[in-house]
Every structure is written in C-alpha cells, then in structure tokens.
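Trainee: Sending over a structure as structure tokens; questions will come in a sec.
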Amino acid sequence: MKIKTNLNNRTIMTRIAIGDAILDELEQKEFSKIKISDVVRNARVSRMSFYRYYENLYDALCDYLNIIVNGYMIEGGEINDPSIYMKLEHIEFSLNYFDRYSRYFLTLNRHGLYEVMIDAVNEYMVKNILPRKKLHMYELYAYAGGLLNSFLKWEEDGKKESAHNVALMIYRLYNHYDENIAPFDI
C-alpha cells in the first residue's frame, strides 16, 4: 500500500476530495465497479494526482480513514495523553467524533468493506496506544473492535440511545473487573 503522509492543507484537501468522490461512487455502484477515471472526474483532480498518492482505490479509502483518525487523535487529546482512550468522557467523544463521518463508516460497512475500518482501528491502537500503555495487544484489539462495532450498530439503528448512554455501556464493559480473576500477566 502506497500512501503519502504529507499533511499540508493542499495535499489533505486533494486526498479528502478523492475519498469523498469514492463515497459518491459507492452510493451508486459496487466497489468493484468503480473506475479511477470516475473518481478523479468527480474529485476534480488529475489522474496523475491520484497516482501521486495511491496505487488503487482501496488505498485511497484507507488513507481517508487515516485522515479522520489523525483529526481524532488531535481533537481528542490522545496525541498528548494516550491513557485517556478508555475513559468514559473519551469514549463519548469518540462516538460523537466518528458520527461526523458516519457517511464514510456506514457506506463502507454496507459495501462489505469492514476490513478497511477494523484494520485502521487496530493499526491505530498498536501504533499509538500499545507502546505507551501496559496492556496486552489482545485487550486493545477487543476494545477497538468493540468500540467500532458498537459505533456502527448505534449509527445503523438511528442513534436511538444518546452517545453518553452508549459510551457508558462500553465503559462498564471494559472497566469492570472481577476481583476473583487474576489480571493478565503482562
């Protein structure tokens, strides 16, 4: 996968335009039927610009999520303090932040592209949380998958519960330890 991580505004705007154009195409056809020529025309970028950043459409979808996650890290404070990721307030922030990008998540999920999302979430946890916390990788994967799945279900169900109530359920699930069970030996 070839993804440039240059973060100047012009580069980000081009990459977002490409991601948005893919989402527009996904609203009309299956992922396998989307052509790069349609995406670049819709994004109003040159084919050369597309290939400057990506080898294929899949890479562009992954990069779009990377841009979303970079904003999440900055706005949510995890870039400075990764220990906040499992706190109630941060779980609620996560649900609300990713709700801004519900079109992306729901569209990918509808098209069977869940692996794009879960791979990015797992990669984020391994790169940004695991090195700074004394947790086992399996705990992070369980948490990341649980948060993503809960978020997707919440969105698909029309957000009938408040973000706070969903966050509270997730928080209780991952922060309730049985004193009779020995903690995992790290």
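Each reported figure results from applying straightforward, stated rules to the coordinates on display, with no laboratory input. None of the values given here were measured: they were computed from a predicted structure. Virtual Cβ from ideal backbone geometry, glycine too; neighbours counted across all protein chains shown.
Trainee: Using Cβ counts within 10 Å as a stand-in for footprinting exposure, how do SER32, SER162, SER49 rank, fewest first?
Mentor: SER32, SER162, SER49
Trainee: Can you give me the distance in nm between label points at ASN9 and ASP38, each placed 7 Å from the Cα along the Cα-to-Cβ direction?
Mentor: The answer from the label model is 3.3 nm.
Trainee: Could you pull out the pairs from LYS35/LYS127; LYS87/LYS127; LYS87/LYS159 whose alpha carbons sit more than 30 Å apart here?
Mentor: Where the Cα-Cα span goes over 30 Å, the pairs concerned are LYS35/LYS127.
Trainee: Relative contact order of the chain, please, whole-number percent, based on alpha carbon pairs below 8 angstrom and at least 6 residues apart.
Mentor: Contact order relative to length: 21 percent.
Trainee: Further question on the same structure: Give, in nm to one decimal, the length gained when the segment between ASP59 and GLU27 is fully stretched (0.36 nm per residue of separation minus the Cα-Cα distance).
Mentor: 9.7 nm
Trainee: For the range 1-60, calculate the relative contact order in percent as a whole number, restricting contacts to Cα pairs under 8 Å that are 6 or more residues apart.
Mentor: Averaging sequence separation for qualifying contacts and normalising by length gives 49 percent for the range 1-60.
Trainee: Starting from the Cα-Cα distance between MET169 and ASP157, subtract it from 0.36 nm times their residue separation and give me the gain in nm to one decimal.
Mentor: Gain on stretching MET169 to ASP157: 2.7 nm.
Trainee: What distance in nm separates the simple spin-label points at ALA142 and ASN70, each placed 7 Å from Cα in the Cβ direction?
Mentor: 3.3
Trainee: Can you list residues whose amide H is under 5 Å from LEU113's amide H, if they're 5+ apart or on another chain and H is modeled 1.01 Å from N?
Mentor: Excluding prolines and chain starts, which carry no amide H, there are no hits.
Trainee: About its Cα centre, how strong a charge dipole does the chain have in debye, to the nearest 20, once Lys and Arg get +1 and Asp and Glu get -1 at the Cβ?
Mentor: Once rounded to the nearest 20, the dipole reads 820 debye.
Trainee: So, in nm, how far is label ASP119 from label TYR51 when the simple model puts each one 7 Å beyond its Cα toward the Cβ?
Mentor: Going by the 7 Å Cα→Cβ label model, 2.2 nm.
Trainee: Could you identify which residue out of LYS33, LYS153, LYS87 has the top mean-square fluctuation in a GNM of the chain using Cα springs shorter than 10 Å?
Mentor: Evaluated over the chain, the most mobile residue of the options is LYS33.
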